[in-house]
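Peer 1: I'd like to ask you about the structure that follows.
We did not get these values from a lab; they are worked out from the coordinates using the rules stated. This one's a predicted model, so the numbers in the text were calculated from it and none came from an experiment. Heads up, the Cβs are rebuilt from the backbone with ideal geometry, glycines too, and the neighbour counts pull from every protein chain shown.
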Amino acid sequence: MSDEAIQDAPRRGPLLWTVVIVGLLVLLAVIASRVATDYLWFRSIDFATVFTTRLAAQIGLLVGFGALLFAVVFFSARIAYRLRPKVRRANLDSEFLVQLRDVLDERSGLLMAVPAALLGVLGGLSALGMTEVFLAWWNRTPFGRSDPYFGLDAGFYVFTLPWLQFIVGYLMFAFIAGGIFALGVHFMTGSLNSVALRRVGNSPVSVGAQRQLSLMLGIVMLLIGANTLLDRFALSVSDNTLFTGVNYSDATARMPIGLILAAICFICAAACFFNVWRVRWSVPGASIALLIVSTLLLSMLYPFLIQSFVVAPDEPDKERDYISSNIEATRFAFGIDKVEIEDYEATTTVSAGQLRADAEALPAIRLIDPTIVPRTFEQLQQVRGYYTFPSTLDVDRYVIDGRSTDSVVAVRELDLGSVESGDTWNNRRTVYTHGYGMVAAYGNQRQANGEPVFFSGGIPTTGLLPEHEPRIYFGERTDYYVIVGAPQGQDPVELDTPSGGEGRTESLYTYTGSGGVPIGNYLTRAAYAIRYGDINMMLSDRVNADSRILDNRVPVDRVKAAAPWLTIDSDPFPSVVDGKIVWIIDAYTTTQNYPNSTRQDWTTAISDSRTSADSLLIGQQVNYVRNSVKAVVDAYDGTVTLYEWDSEDPILKTWEKAYPGVVTPKDEIPASLLSHLRYPQDLFKSQREILGRYHTTSAQTWYSQSDIWQVPNDPVNGSESGTKEPPYFLTIRWPNDEDPHFANTTVFVPKDRENLSVYMAVNADATSKDYGRMRVLKLSDSEQIAGPGQTYNFISTNPVVAEKLLPFNRSGSSATAIYGNLLTLPVGGGLMYVQPIYTQTTATTGAYPALRFIVVRFGEELGIGETLQEALDQVFEGDAGADTGEDMAGSTGTGDDTDTGTKDDESGDKSRARQLLDEAEAYFVKADEALKASDLAAYQEAMTSAEEKVAEAAKALDN
C-alpha cells in the first residue's frame, strides 16, 4: 500500500460516519416532522383520537410482529449454532466451509442478529398495512345474521377471518424463514454435511439438527392445516364462476376436502414431532408425500370432476339453493331487499288536460343542466379571471318564498393558473388564499334571453340566501397550503374582493377563523418547513406570531384523512347552513367480505358520463355498503363533522368503538342541515347496478338471465364511449301519490336493447319519513316504449326540431345548438321525456350557453317551445292541464297568441313555410354580417326577426 493510500485511509472512517450520522439525523427529522404535523392537523379538527389510536396500533404491530419474526429467525439460528458439532472442523466437506465456520465462530451473534433484524423490520412494516384490519377485529361488532353453511355470524367473515388469515400466514412465513436460517447454520457448522447426511438418523453430529428441523417442519404443517381450515370458511367470500359465495362444488367437494386435507396436515405435523423423538424420516416423508398426492387429487382433480360431470349437465337445479342464498345475501348487503316493484301499464296516448293531476310537480321540473351551464356561470358570475367554477355544478334545495326549490349551485373558487401577477410564493401562500361567494340559480327558471335566474350571486354576495360567511378557504380546488392570520392592527395582505376597496380597488382581508394549525412557534414552523421543504416559512416576514397554516384543504381529502375507514362519495356539494357555506359529503362503510354476497367493482358501478371515479378507488371490490355517515366540512374554518346516519350498521358501530367520540349522534343533526341532506349518488348507482340482475328473487330467472335490467348509455354525452346515463335529482310525483317529492331517478332498458323497461326512483328528501324508499315501475312488455337513446334520436331527427335548430346547425352558422340532459318523469299515466336545448355563439370568446328551447316527448307526440308550458301544450292537444308557473311575458320567443293569425291563414301551406324559412335565412345572413362588424344591436335585431320567422314556419308545418 502506498504512503498516500495509508494517509487517506484514516480520513475515510470519520467522514463516512459523519455522513451516516447526518443522514440518520435528517431522516429522523423528516419522520419527526411528519408525525408532529400530522398530530397537529388531527388535533386542529378535534380528531386526535384517530391519530393516536392508529399510531398506537401501528407501533404495536410494527414492534410486535417485527419482534416475533426476529425472535423466530434469530433463536432458530442460535439453537442451530448451539447444536453444532463438538469437534471443531470435524467432517467438513471443503475448505470453504471451514472458513465459513471460522467467520461464524468469530461473529456468530452479529451474523445472526443483523439478517434477523432486517427481516423483522420488513415483517413489521408489512404488518403496518393491517392496521385497519386489526382495529376492526379488536372492536368487532356482530351483524346478527348468520351464513347458511357454517352458521357463523357475518361479522366473523368481515372482521375476524381476514385477521386470522394474516396471523396464520405471517407465522407460517416466520417459521419457514426460521427453518431456512437454521438449515443454513447447520450446513455451515457441519451438522448437515455430506458425511452426516449419509448416516441420517444415526449420526451424532446431525441428530440434533434433524430434531430441530423436524420440530419447525411440524409447526409449519400445523399452520398449513390451520390455513386449510380457514380456507374452508373463505369459500363464503370467494368468487366462483357464477357469483361470490358457496356453490354446489364448494359445498359437496371443497368443504369436506378441506377437512380431509387439514387432518392430513395435522398427521404430518404429528409425524414430524415423532421424528423429534425418534429420527426416522421415512415417517414424515411418507405423510408429506400423502399430503401432496391428496392435494393434487382432492383439491384440484375431484372438484373439477364434480363441476364437469355432476354440476354442468344439471347446473340450474344443482345450483338453485346456492343461488337463492346468494340472492338473499346480496340484496341485503346492498340494501335493495326492500325495493318495491310494481307493474306499470304506461299510457302512450295523449289528451287535453292529461297532466292535471301532476300540476304540483310540473313547475319543479329542473330545466337547467348542471353540466352545460358552468360556462354560463363563469361568464355571468366569474367577476375576475382568477375565479372559476367546477366543470359540473351541483343540485341542492332551498326554501324560497315558502317553497322548496331545486337549485343549481356552485361556489366561486380561485384558479391560481389564471393569476395575472404570477405564481410567486407570496401570491400562492399569502395573497390568493380563498374564493368568494355562493352562486345559486333556480333549476326551473330562465330569463328571457335564456340565462339562468340567479337568486344568489355577485361580489359581495347578494340574493335570497340567508346571510352567511362567503369566503371559501376549503374547496375542491384548494389543493395547496396557505398561511393566513396576522396580529391585530397589521395591514391585511389576503385578496378578498376585486373591487370592494376604496375607489373600487381590491379589498384585502385577514383570516379570523380557528381553522388550521398555529405556526407562530418556531419549532412548529420548522416542522412544517421540513415537511413541505419550504424554507420561506422560516424567512418570510409574512409568517408571524399569529400565523396559521391551512393545509389539506380539499374537503373530500380532509374527510378521507380524518376517517380512513370510510369510502367517500364522488359528488360533494356546497350548501349554506346556519350562516356558513359547508361541503356536504356522503360517506360509506363497505367491505368485500360479507358472506355469499356478490362482489361489485365500485369504480365501474359509480362511473358514468358525469363522474370519473377516484383513481385511488380503482379495483376496489365491494359486496356490502351502507351510507353510514353524513360528513360536513366548513368552507371557512375546515371543521370536519361526521354525523351518524345508519345507526344500525355493525361496521359503523365497530369504528365508533375504535375511535370513540369522532362520530356525532344522528339526533344532533340540526334541522337546517337535514333539509339539505339527500340520498347519495354513488350508493344509488351501486344499487342500480346490482338491482339490474338481483331485482328477482327467483333462482331460475337469475340463472337464465332472462330479465336483466341494464343502465342505458347516456345518449347526449356518452353514447359513443359507452358511458352510462347518470341518475338525476328531480322533484317528481309518483303515480297514485298525492304529493311530489325530491328523488334520485334512473331508467333501465333490457339487456342489449334500447327500449325503456323500468323506471326507478328513491326518495332523496332526508326530512321525509319515506327517505330511502326505493320504488320501481316495471313497464309492460305488450307495448314498447322508447328508451333514452331512441328518444334522443327521435328528437334530433324530428323535422319540427330540425327547423327550430336550423339557424344553429347549418354550415357556417355563428351559433350552435347544445342538447341538455334528457330527463324522464312519471306523469300523465305514462312516462314523459323533457330535454332542454341551449344555443351558444361561436363568434366571440365570451360565448356561453343560453337555454333557448324545451323539448317534450310523450308517447309518439313531440313538442318544442321556448317555454316548458308551450312544449307541453303542443304535446297535449293545446292544453296540458297544468300551469308550469313560467312567466310567459319573460319568454324570448313568440307564443301562441302572436302566431294565431299565421296558423289560421297559413294552415297546411308548405309553400308559405318555405317562404318564411327563406326570409329567416336572409335575417341570419344579416346577423352574421352585423356580428362581424361588432354591431351588437343590429345583430340582436336580425336574430330576433329570424327566430320569429322560423317559429312562424314551424307553426305552419305543424298544421
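Peer 1: Give, in nm to one decimal, the length gained when the segment between Thr767 and Asp314 is fully stretched (0.36 nm per residue of separation minus the Cα-Cα distance).
Peer 2: Length difference between fully extended and current span is 158.0 nm.
Peer 1: Next question. Counting only DSSP beta bridges with both residues in the chain, what percent are antiparallel, rounded to the nearest 5? It would help to have the intermediate numbers written out before the result.
Peer 2: Details: 98 of 105 bridges.
Counting DSSP beta bridges with both partners in the chain, the antiparallel share is about 95 percent.
Peer 1: If you don't mind, another one. To the nearest 10 degrees, how steep is helix 3-44 against the longest Cα principal axis of the chain, on a 0 to 90 scale?
Peer 2: 50 degrees
Peer 1: Same structure again: Would you please put 784-796, 703-715 in order of how densely packed they are, using the mean number of other Cβ atoms within 10 angstrom per residue and starting with the highest? Provide the component values of the computation, followed by the final result.
Peer 2: On the way: 784-796: 19.6, 703-715: 17.9.
Listed from highest to lowest mean packing, they are 784-796, 703-715.
Peer 1: OK, next. Determine how many Å³ per residue the convex hull of the Cα atoms of the range 538-598 encloses.
Peer 2: 161 Å³
Peer 1: Mind putting a number on the dipole of the chain about its Cα centre? Charges go on the C-beta only, +1 for Lys and Arg and -1 for Asp and Glu, and I need it in Debye to the nearest 20. Numbers along the way, then the final one.
Peer 2: Values: 78 positive and 114 negative charges, 1503 e Å.
For this selection, approximately 7220 debye.
Peer 1: What's the center-to-center distance, using Cα atoms, between the range 831-876 and the range 241-267 in Å?
Peer 2: Measuring centre to centre over Cα atoms gives 61 Å.
Peer 1: In a solvent-free Debye calculation with one equal scatterer on each Cα, what is log10 I(q)/I(0) for the range 482-550 at q = 0.18, 0.22 Å⁻¹, listed in the order of the q values?
Peer 2: The computed values of log10 I(q)/I(0) come out as -0.69, -0.91.
Peer 1: Here is a further query. For the chain, find the longest principal axis of its Cα atoms and tell me its angle to the long axis of helix 282-294, 0 to 90°, nearest 10.
Peer 2: 20 degrees
Peer 1: May I ask for log10 I(q)/I(0) of the range 73-316 at q = 0.12 Å⁻¹, from a Debye sum over the Cα atoms as equal point scatterers with solvent left out?
Peer 2: After summing over all Cα pairs, the log10 values are -0.85.
Peer 1: State, to one decimal in nm, how far the label point of Arg43 lies from the label point of Glu469, with both points 7 Å from Cα in the Cβ direction.
Peer 2: If labels sit at Arg43 and Glu469, their model points lie 2.2 nm apart.
Peer 1: Rg to Rh for the range 747-893: what is it, with Cα atoms only and Rh by Kirkwood?
Peer 2: 1.02
Peer 1: For the residue pair Thr701 and Leu110, what label-to-label distance in nm results when each label sits 7 Å from Cα along the Cα-to-beta-carbon direction?
Peer 2: With each label point 7 Å from Cα toward Cβ, the separation is 7.6 nm.
Peer 1: Separation between the Asp883 and Leu539 pseudo-spin-labels, each 7 Å from Cα along Cα→Cβ, expressed in nm?
Peer 2: Roughly 7.0 nm, to one decimal.
Peer 1: How large is the Kirkwood hydrodynamic radius of the range 725-802, in angstrom, based on all distinct alpha carbon pairs?
Peer 2: 14.1 Å
Peer 1: Can you list the residues, at least 5 places off or on another chain, whose amide H is less than 5 Å from the amide H of Thr405, using H built in the peptide plane?
Peer 2: Excluding prolines and chain starts, which carry no amide H, the hits are Tyr398, Val399, Ile400.
Peer 1: What is the packing order of peptides 484-497, 329-342, 427-440, taking the mean over residues of other C-beta atoms within 10 Å and listing the highest first?
Peer 2: Top to bottom by mean Cβ count within 10 Å: 427-440, 329-342, 484-497.
Peer 1: Ok, one more. What would the Debye formula give as log10 I(q)/I(0) at q = 0.09 Å⁻¹ for the alpha-carbon point model of the chain, no solvent?
Peer 2: -1.10
Peer 1: Along the charge dipole of the range 73-316, Cβ charges K/R +1 and D/E -1, which of Pro303, Pro316, Gln165 sits furthest on the positive end?
Peer 2: Ranked along the dipole, the leading option is Gln165.
Peer 1: Could you give the angle, 0 to 90 degrees to the nearest 10, between helix 108-128's Cα long axis and the longest principal axis of the Cα atoms of the chain?
Peer 2: It is inclined by approximately 20 degrees.
Peer 1: What full-extension length gain, to one decimal in nm, is calculated for Thr295 and Leu259 as 0.36 nm per residue of separation minus the Cα-Cα distance?
Peer 2: 11.8 nm is the gain from fully extending Thr295 to Leu259.
Peer 1: Would you list Phe266, Phe858, Phe233 from fewest to most Cβ contacts within 10 Å?
Peer 2: Result, fewest neighbours first: Phe266, Phe233, Phe858.
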